[in-house]
Amino acid sequence: MDDIVKVSIIVPIYNVDQYIEKCIGSIMQQTYQNLEIILVDDGSPDDSGKIADEYALRDSRIKVIHKKNAGVSAARNTGIDAATGDYICFSDGDDYVMPNYVEHLLHLCVHNHADIAYTVDMYTTFHKEKVKHGISRVITPEEATENILCYKVPIGVYSKMFKRSFVEMYHLRFLEDVFIGEGFNFNTACFQRANKVVLSTERIYFYRRDNESSAMTKFREDKCRMALKAIDIIKENLVIKTSRILKAWNFANWHTHFDMYCWIVNAKAKTSNVKLYKKCRKISRWKAYFAFCVPTKKSERIRGMLGILSPLIVAKLMLWRSKR
């Protein structure tokens with residue numbers, strides 16, 4: 001690629017002053033250097049925006065945009081609108097990327113003439129093992145869409161790269177009234193429209209699970225309802241409507257309701273959200289069979305079996321894992 005191709009990395013920033021230096025530093029130290037680093041300060045009340053400005057003085061590739069708080073979707077859209085790179089990718093401000101993050105994804109896109117490339121796994125706070133023998137392969141838009149709806153791919157927008165001309169051609173943007181599941185919606189919208197997609201099994205992104213201020217740490221009813229609505233929006237906006245994709249959406253719908261059930265139970269929010277609790281519990285049990293109708297992970301099938309027997313077991317296991 002000879003550094004001819006420019007890549008824009010978009011980082012929305014809000015209340016991440018204790019993590020943002022690690023994030024920016026990891027991007028600056030990429031093995032691929034022809035970068036445009038767009039830091040979007042979404043009206044953060046802490047020192048995140050100030051730190052971003054300090055880094056911009058050190059590296060001419062960094063652009064800082066300060067805006068009134070409007071949520072992560074609006075922040076990412078601001079970054080997309082400002083981007084001038086041939087490709088765009090994302091990082092969250094409380095995460096960080098491996099040195100080959102850009103190089104790996106860009107090679108997959110350019111070498112295969114693909115609109116999108118992504119990795120199927122990532123490092124996390126409790127999952128730091130390196131992949132010994134990584135592989136990559138080209139897949140169809142239908143398979144890519146099925147993969148993400150079946151949770152074989154991280155549903156967030158990180159660990160993915162998009163050709164900017166493709167994003168602009170279809171005017172693909174984050175839905176600004178969606179504040180939970182916004183990445184899931186953006187990804188499925190993109191995957192369905194791509195010429196082809198490349199997947200890789202390498203781990204090149206570190207997702208922090210121990211940030212107490214992250215979106216899903218503390219229970220809020222509006223976030224719970226938003227997550228459920230976001231899944232409905234995905235179905236409403238499906239472009240590929242084959243039986244394969246509809247089954248995958250039903251699995252994702254079940255999975256989301258199950259996640260929300262576990263959240264309600266573990267946050268001890270059952271008595272204050274009785275109707276929501278009962279709805280999520282019912283779907284967690286009665287729609288669990290979709291875990292056996294789609295190509296998903298073995299762990300998801302086990303979850304489906306436990307969901308049929310007793311959803312509470314899964315909730316308690318999730319709580320145990322988080323405490324551990």
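The values are calculated or read from the model by the stated rules, or taken from the named source; none is laboratory data. As the structure is a computational prediction, the values presented were derived from the model and not from experiment. Ideal geometry is used to build each Cβ from the backbone, glycine not excepted, and the neighbour counts take in all protein chains shown.
Here are the numbers:
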quantity: Unique match (being surrounded by fewer than 20 Cβ atoms within 10 Å (Cβ to Cβ) and assigned to a helix (DSSP H, G or I)) among 284, 322; calculated: 322
quantity: Residue in segment 242-261 that is in contact with a Ser or Thr (Cβ under 9 Å, 6 or more places away or on another chain) and polar (S, T, N, Q) present; calculated: no
quantity: Inter-residue pairs, beta-carbon under 6 Å, first free of Cβ contacts under 8 Å to residues at least 24 places away in the same chain and in segment 251-269, second of a type outside the set (Asp, Glu) and surrounded by fewer than 24 Cβ atoms within 10 Å (Cβ to Cβ), 6+ apart; calculated: none
quantity: Residue within segment 56-75 that is in contact (Cβ under 8 Å) with a residue 60 or more places away in the chain, within 17 Å of residue 164 (Cβ to Cβ), in the same structural domain as residue 158 (by TED's automatic domain parsing) and under 23 Å from the mean Cα position of the chain (by Cα) present; calculated: no
quantity: Residue in segment 287-296 that is in a helix (DSSP H, G or I), surrounded by fewer than 13 Cβ atoms within 10 Å (Cβ to Cβ) and at pLDDT 95 or above present; calculated: no
quantity: Verdict on residue 176 being charged (D, E, K, R), more than 19 Å from residue 124 (Cβ to Cβ) and over 13 Å from the mean Cα position of the chain (by Cα); calculated: yes
quantity: Residues being more than 20 Å from residue 180 (Cα to Cα) and in a helix (DSSP H, G or I) - total across segment 259-274; calculated: 1
quantity: Filtered residues of segment 244-262 (kept if surrounded by fewer than 24 Cβ atoms within 10 Å (Cβ to Cβ), closer than 20 Å to residue 321 by Cβ and of a type in the set (A, V, I, L, M, F, W, C)); calculated: 262
quantity: Members of segment 122-159 found to be crowded, with 16+ Cβ neighbours inside 10 Å and within 16 Å of residue 96 (Cβ to Cβ), listed by number; calculated: 122, 123, 124, 154, 156, 157, 158, 159
quantity: Inter-residue pairs, beta-carbon under 6 Å, first in the same structural domain as residue 251 (by TED's automatic domain parsing) and in segment 291-311, second loosely packed, with under 15 Cβ neighbours inside 10 Å and not β-branched (Val, Ile, Thr), 6+ apart; calculated: 291/301
quantity: Pair list, Cβ < 6 Å and 6+ apart or interchain, from segment 104-122 residues that are over 16 Å from residue 135 (Cβ atoms) and in contact (Cβ under 8 Å) with a residue 60 or more places away in the chain to residues that are of a type in the set (S, T, N, Q) and surrounded by fewer than 21 Cβ atoms within 10 Å (Cβ to Cβ); calculated: 115/195
